[in-house]
Amino acid sequence: MEALLNNTTLVLFAILFLGIALGNISFKGIALGSSGVLFVAMVAGHYGLKVPDGISAIGTALFVYCVGLGVGNRFFSSLRSRGRNLLILAVTIVAAGWLTAWGMCVALDVDLAVGAGLFAGACTSTPALAAALESAKTASMNESTINIGYGLAYPFGVIGIVLFVQLLPRILKKDLSKQDNKGKSDPHAIVARSVRCTNPEILGMHPEKIAASSHMSCRITRILRDGFLRPLRSDDSLQLNDEVLLIGEREQLEHDATMLGHLTSGDSTALICKDEDAELIVLEESMNNKTLRELDTLGNFGVTVSRVTRLGNTFIPTADTEIIRNDLLRVVGTPEAINAFKKECGHRSSALNAADILSLTGGLVLGMLLGSLTISIGGGKGFSLGMAGGPLVVALILGHFGKIGPITGYMPRATRILVMELGLMLFLAAAGIKGGESLVETIQTQGATMFLIGALVTILPLFIGYFIATKFLRMGIAETLGCICGSQTSTPALGAITAQTDSQDPVIAYSTAYPVALILMAIMAQLLVEMA
């Protein structure tokens, strides 16, 4: 038995197994999730068990890198598109939590390094914990108390925010199910609508010629013939009262439809034949960097490209859109035409969800190199982004720009979530082992005080944020609660909101606030450690 307990690899995976099992236990819809690994690891650390050296650094890098890739494609754009209100609210909530942690630690004579753990746990921010531990390691400080602070504050951080978003609307007697995106649907959602052609200026013209001459942003993919919306052919021309299927962003589609005629009512998807569309990945080098006009997919192959998915983002192409290797094309055509085009573009089904290991490892190397650089400000000792900040910044840049040289900023969602969860659990296992070494002693001496501070760091920012959002920023309750969830990086709380409403306001607000809060919390947690 002793030999088994000394096997650090076996101990690691046993902690992961038991931690996941603990995290899957749900009480009234609330579960610890991956953080169950932390609590099992703390118990294991208390009894002197060990995990392999270096696991914490590997887990941290994998986790924050995948988090950055997940939000990078909307991080910079969301700062512009959603205006200053969501940014102000996110900064306010994070700052309120940090000030509460700092003020209470100073008032109750608690080590500020412990406060960094309490701050990260109360805000349910594992990247903040990783940043605090990285800073403590650089300064040769005791990391175990940071882990304990996180472990004590985390459970209430999870439960507190979920209860807040569930109970507040009931207390205020506001029904989230009646919130409706201010009466509008998402203007950027890609939709398909049937259009009746009544504009005399387009009669007798081919749909692709109309789209090019009118600078339409939407794509005409089908035409109604013999009771079915069949795929376009190269010899089709539009006649009076023809019905065509138009695909595009909702806002732009309504505009482009007026160039053809008017939108029809009813669901046109029932008129579409099966097996006349497919998703194909472009692997053939000869198609790389060629525009759809040059490829002339309809004239040469009998298919229309209706959508392009690139680096996880789906958009409607135009004739001038360049096709890039690894693009995922949604094509419309007869089964025979699709099969012919499939061979031309080199499609392989196995490549659809294949992970680019070169990009994963290359991105991590760039992140680690960036994190190791020391940034000096004035005459001070300077600071570095570390293992948490470096990969995160590189991933945000990759997610936004798409690629740096041969390194792409895209990973299939299923793969990204798997790597992110694995990295998180490896990090939590290592952090819990270190925290468990002084677990009992710390709880006996400061347990009640630390729990109180953690609870206040969770609760006070929620009420402060809601007050500022409704009284000064004039935000609706659905958008406010979504922003609060993002500012506390709480996905379970967002799930509690979306279960009550079909409005997209909470989701949009969450996705805007989340990356801002993620970075701010990491910086502020490090600041607490630096001040200790």
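The values are calculated or read from the model by the stated rules, or taken from the named source; none is laboratory data. The model shown is predicted, which means the values in this text are computed figures rather than measured ones. So basically every Cβ, Gly included, is an ideal-geometry build from the backbone, and we count neighbours across all protein chains shown. Remember, those area values only see protein heavy atoms, side chains included, never the ligands or the DNA or RNA. Shrake-Rupley method; radii C 1.70, N 1.55, O 1.52, S 1.80 Å.
Tabulated values for the structure
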| quantity | calculated |
| --- | --- |
| Positions within segment 191-211 being part of a helix (DSSP H, G or I) and open to solvent by 40 Å² or more (accessible area, probe 1.4 Å), in sequence order | Pro200, Glu201, Glu208, Lys209 |
| Index of the failed condition, Tyr410 passing every other in (1) at pLDDT 80 or above; (2) not in a helix (DSSP H, G or I) | (1) |
| Candidate set: segment 317-339, residues that are among the aliphatic types (A, V, I, L, M) and in a loop (DSSP other than H, G, I, E, B); chosen: the one most open to solvent (accessible area, probe 1.4 Å) | Ile324 |
| Pair list, Cβ < 6 Å and 6+ apart or interchain, from segment 417-429 residues that are open to solvent by less than 10 Å² (accessible area, probe 1.4 Å) to residues that are part of a helix (DSSP H, G or I) and not aliphatic (A, V, I, L, M) | Gly423/Gly59; Gly423/Phe63; Phe427/Ser56; Phe427/Gly59; Phe427/Thr60; Phe427/Phe63 |
| Qualifying positions in segment 145-171 - open to solvent by 10 Å² or more (accessible area, probe 1.4 Å), touching a residue at least 60 places away in the same chain (Cβ under 8 Å) and not hydrophobic (A, V, I, L, M, F, W, C) | Thr145, Tyr154, Pro155, Gly160, Gln166 |
| Breaking point among (1) at pLDDT below 90; (2) hydroxyl-bearing (Ser, Thr, Tyr); (3) out of contact with any Asp or Glu (no Cβ under 8 Å at 6 or more places or on another chain), for Thr309 | (3) |
